[in-house]
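Enquirer: Pasting a structure below so you can have a look.
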Amino acid sequence: MALERSLPDRVRAVVDAHRGDRGALLPILHGLQAEFGYVSQEMVPVVAALS
């Protein structure tokens, strides 16, 4: 059985994919929506801390 990555780890992976991009907030939010199907309140502080 494979270990599932935690929510912060999955959010971090999306943010890292846009690291260094100028104006990356919308692409990050679109990436989260593609990954999870939604952007939850739990994701917002993780994104804020990482970006």
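What follows is calculated from the coordinates using simple rules that are stated; it is not laboratory data. Computed from a prediction, not measured in an experiment: that's the story for all the values here.
Enquirer: How far, in degrees from 0 to 90, does helix 25-36 lean away from the longest principal axis of the Cα atoms of the chain, to the nearest 10?
Expert: Tilt relative to the chain: about 20 degrees.
Enquirer: Let me ask you something else. Between His30 and Ala49, 0.36 nm times their residue separation minus their Cα-Cα distance comes to what?
Expert: Details: separation 19, 0.36 × 19 = 6.84 nm, distance 1.77 nm.
Result: 5.1 nm gained on full extension.
Enquirer: Per residue Cα convex hull volume for the range 7-50, in cubic angstrom? Spell out each step's value before the answer.
Expert: Details: hull volume 2.7 nm³, N = 44.
Convex hull of Cα atoms, per residue: 61 Å³.
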